[in-house]
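The values are calculated or read from the model by the stated rules, or taken from the named source; none is laboratory data. Keep in mind the model is a prediction, meaning the values are calculated, not measured. Here the Cβ is made from the backbone with ideal geometry for all residues, glycine too, and neighbour counts use every protein chain on show.
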Protein chains: 4
Amino acid sequence: MIRVAVVGAQGRMGSSVVEAVKAADDMVLSASVGSTGELSDIRTDSTDVAVEFTVPSASLGNVLTLIGQGVDLVVGTTGWTQEKLDQVRQALATAPRKDQAVCIAPNFAISAVLADYFASKAAEYFTSAEVIELHHPDKVDAPSGTAIHTAQAIGQARRRARLASMPDGTQGEAASRGQLIDGVPVHAVRLQGLNAHEEILLGNTGEQLTIRADSFDRSSFMPGVLLAVRTIAAGGHEGLTVGLDQFLDL
Amino acid sequence: MIRVAVVGAQGRMGSSVVEAVKAADDMVLSASVGSTGELSDIRTDSTDVAVEFTVPSASLGNVLTLIGQGVDLVVGTTGWTQEKLDQVRQALATAPRKDQAVCIAPNFAISAVLADYFASKAAEYFTSAEVIELHHPDKVDAPSGTAIHTAQAIGQARRRARLASMPDGTQGEAASRGQLIDGVPVHAVRLQGLNAHEEILLGNTGEQLTIRADSFDRSSFMPGVLLAVRTIAAGGHEGLTVGLDQFLDL
Amino acid sequence: MIRVAVVGAQGRMGSSVVEAVKAADDMVLSASVGSTGELSDIRTDSTDVAVEFTVPSASLGNVLTLIGQGVDLVVGTTGWTQEKLDQVRQALATAPRKDQAVCIAPNFAISAVLADYFASKAAEYFTSAEVIELHHPDKVDAPSGTAIHTAQAIGQARRRARLASMPDGTQGEAASRGQLIDGVPVHAVRLQGLNAHEEILLGNTGEQLTIRADSFDRSSFMPGVLLAVRTIAAGGHEGLTVGLDQFLDL
Amino acid sequence: MIRVAVVGAQGRMGSSVVEAVKAADDMVLSASVGSTGELSDIRTDSTDVAVEFTVPSASLGNVLTLIGQGVDLVVGTTGWTQEKLDQVRQALATAPRKDQAVCIAPNFAISAVLADYFASKAAEYFTSAEVIELHHPDKVDAPSGTAIHTAQAIGQARRRARLASMPDGTQGEAASRGQLIDGVPVHAVRLQGLNAHEEILLGNTGEQLTIRADSFDRSSFMPGVLLAVRTIAAGGHEGLTVGLDQFLDL
């Protein structure tokens, strides 16, 4: 049994993680504390992996504390800058255990992670590529961070393959043509009833490849969180891993 | 057998109409002339309905001439203004036959006509609505005329039902959010391999209705053209009809 | 304010109705009782419309009792036979109030109701039609009642229009071709993560019309339940109405 | 310039290849012969790669003859058995040139090849998987060979990952649930207006990944054929390669 502690257990994501851990056959909940709770009891004698889902202002502190206590970590809190990630790497370099492991991922939805990865692999073989992301209307940013990441990955793949720029005969201004990110048009839909969805359209003469990821609710993150916990618990991933795709066999 | 004459028979659409008429069990081709060809032989003794697919600069003249010869018409040429339509109405008022009929339609793809109509009927029951149109990259205008028409129909339905404006928490400028037409966001995709496609997304709490029309090539217009020819030939539609939806049993 | 009583208020659907009524600006909760609770207090002096979401074994009794107390009803419980509906009609014929109204609907998801209706209207204009329904894997019946209803509506429309049977060159047995219902192939997908979804595909030479309804969770029924309550409260629908489509302006 | 000969140049696919070669900036047509035409002039002094699109009864003979003449080959004819492939391998073992290369592929649509490959990579991470293939109504087999291949690849990936069988609560017989291939339900749609399409649905709690390949007409095979020709001409692929995916950088 993998012993899992949850930090941020009262939050929306954290409480879902608590339920998912309890429901998993191969895991047991070793501890659950609030976002800024007392971490001193989360130690290697009772916990194998801690899952941290709090807020950007608290997360770095929590992660550094737990690294100092020798604990392996899966972190789903957002807001990580290159600078913060470097602090984590430094902490790991002087951590109590040699093989300590931390996985920080911006998105634990396996479907979204795979869609992003597949788009980056397919992009070089298609004349055209566009991204449509669709979210609930409460979302404040547009386009989504995931869609930006996908468009950039497509743009990079196209440059690497020295593809010509995409054909587009549109004349004059056309606000309907979306936002160009790294040369890739990105469209954002905000629709009551939706949660988080992304569709990547790739076109050649006579053919189209469509890759779509639907996240219907936050339970969609749990399979990815458990996969990260199991991968870390299985060992062999010491140091900092950024992005769940690193843990998938692709 | 319905005797059909085709004007603009050498054009891309016209030549498809010629083939479609020849292939129809209940029709026979009575004449086929070029865009600016000799229309004097297209008369009621040999022709029941003339189909006109030419160019905007020639179409009004052709239509007025044929009305003057007593011929019923199905017209697929684009570029009709309210003024031009009025000229057709006046010509019909003094036409040789009392029950003469002309149908002018901007789009003969039955799927597109129905999608547009269904969207206008459904719109009042949904909190959110957006339109995505997708076309081949050679298209010069964005968004498409059909998408503009659909968005306007949705906007009108929402006003009639006194719906509040759509929820959208997006902060700051967001080019990815598309072009607002009558309050409805419209997004345009230009993708190699596509022809002409439109998708209407309607959302409520917990549910979504999606209506999509795909026109894979210009053969998609032929069922609609033949339907218009048959409807006119069956009688009872004297005067000017604008839009194929008028001939559908909806 | 419309005064709404909920019968079956502890059930999954009923409790959602209680929440939806409380959240609606134009409604107030007048009473909430269990599936087999005491209905004697639900009377016209305090309640305008009662919503009944219980179980098939209790629903007819509840409905007859409330009709006898003069109360208007919206009923979402399933399992209604023609015989049971007749008993409701008889009860209404001798009801305390002349203009008493009852609406019984098998599906309150507006998107599903509209998809079904649009498919029935569009069917006569297409050579081919197939239905794909997609549900969570716990569903015990396949295909869904909604998909069967949609296929039958398409089949009827095709017969009315005297369409030839659909082209299908498949040779030999082919289990993959789905279940024929009234001549229309119906396919059922059972996929972890889904809730209740239906897609209707209609095809002509060169074109396709797709109509899709997604119900992401049971909150998707609430807009339809509230619409039925408002329509009944507005008056003019005395007698028994079966199906939410009767209350939509189509 | 790559010098390309086309065998089967009068066929539907072959004539499209002739046009595609002529349109490519980096290729020149060196010869074009019919399905059972004279191959003696297709030799290495004038041709770098021969493309063979004929019929199963002629293809093996053509391939063996051209291997004997030292010519590299891209073969799109279907109907290859393991036995026939072995004959090609033997012929290559004693071919005039050491580095001679032959690529035989059942499907040159890049979108279809990628969809199949991505499905096989993603399958181990999802609780449920189903395949829907959609084709024109003239197709005689159902499900399609591509869908069978995809289902088998998914089945293999699931066994490798020791996944439990998919959840499915359907009770009784249900013809609508499709055909089980290697444990994966496969559904076949035959719709007027369609060409060749495949959709792979993968589901987890709260999320879905959809991968869809659309081949709108046979021009969809040309980018894949040209890619194979270029890859072979670039060298380094001696021997027999089966499947276009081997030439993609995945």
> Going through the range A:177-215 one residue at a time, which ones are touching a Phe, Trp or Tyr at 6+ places or on another chain (Cβ under 6 Å) and on the phi > 0 side of the Ramachandran plot?
Replying inline: A:206
> Got a number for residues in the range B:128-138 being out of contact with any helix residue (DSSP H, G or I) (no Cβ under 8 Å at 6 or more places or on another chain) and either among the small types (Gly, Ala, Ser) or surrounded by fewer than 20 Cβ atoms within 10 Å (Cβ to Cβ) (or both)?
Replying inline: 4
> Restricting attention to the range C:172-189, and to residues there that are over 23 Å from the mean Cα position of the chain (by Cα) and within 7 Å of chain D (Cβ to nearest Cβ), which single residue is modelled with the lowest pLDDT?
Replying inline: C:174
> within 24 Å of residue A:235 (Cβ to Cβ) and surrounded by fewer than 24 Cβ atoms within 10 Å (Cβ to Cβ): does that describe residue A:90?
Replying inline: yes
> Is it the case that residue D:75 is more than 14 Å from chain A (Cβ to nearest Cβ), within 30 Å of residue D:38 (Cα to Cα) and buried (at least 16 other Cβ atoms within 10 Å of the Cβ)?
Replying inline: yes
> How many of the residues making up the range D:190-210 are under 24 Å from residue B:196 (Cβ atoms) and at the interface with chain A (Cβ under 8 Å from one of its Cβ atoms)?
Replying inline: 1
> Can you name the condition, by its number, that residue D:163 falls short on among (1) within 13 Å of chain A (Cβ to nearest Cβ); (2) outside any helix (DSSP H, G or I); (3) touching a strand residue (DSSP E or B) at 6+ places or on another chain (Cβ under 9 Å); (4) farther than 28 Å from residue C:173 by Cα?
Replying inline: (3)
> If only one of A:169, A:239 is over 21 Å from the mean Cα position of the chain (by Cα) and away from chain D (no Cβ under 14 Å), which one is it?
Replying inline: A:169
> Is there a residue being assigned to a helix (DSSP H, G or I) and closer than 30 Å to residue C:185 by Cα anywhere in the range C:71-82?
Replying inline: yes
>> I'm trying to understand the selection: among the residues of the range B:19-59, which are buried (at least 18 other Cβ atoms within 10 Å of the Cβ) and β-branched (Val, Ile, Thr)?
In response: B:21, B:33, B:42, B:47, B:49, B:51, B:54
>> Residue under question is residue B:75, and the condition is that it be within 17 Å of residue B:239 (Cα to Cα) and in contact (Cβ under 8 Å) with a residue 40 or more places away in the chain; does it hold?
In response: no
> Which condition breaks for residue D:92 when tested against (1) out of contact with any strand residue (DSSP E or B) (no Cβ under 8 Å at 6 or more places or on another chain); (2) part of a helix (DSSP H, G or I)?
Replying inline: (1)
> How many residues, within the range A:168-180, are in a loop (DSSP other than H, G, I, E, B) and touching a His at 6+ places or on another chain (Cβ under 9 Å)?
Replying inline: 2
>> For the range A:211-233, give me each residue that is more than 9 Å from chain D (Cβ to nearest Cβ) and either in contact with a Gly (Cβ under 8 Å, 6 or more places away or on another chain) or farther than 22 Å from residue A:9 by Cβ (or both).
In response: A:225
> If we scan the range C:38-48, do we find a residue that is touching a residue at least 40 places away in the same chain (Cβ under 8 Å), of a type in the set (A, V, I, L, M) and either within 14 Å of another protein chain (Cβ to nearest Cβ) or in contact with a helix residue (DSSP H, G or I) (Cβ under 9 Å, 6 or more places away or on another chain) (or both)?
Replying inline: no
> Are any of the residues in the range B:136-151 away from chain C (no Cβ under 13 Å), in a strand (DSSP E or B), over 21 Å from residue B:118 (Cβ atoms) and out of contact with any His (no Cβ under 7 Å at 6 or more places or on another chain)?
Replying inline: no
> Among the listed residues B:129, B:119, B:112, which satisfies the condition of being modelled with pLDDT of 95 or more and either away from every other protein chain (no Cβ under 14 Å) or in a strand (DSSP E or B) (or both)?
Replying inline: B:129
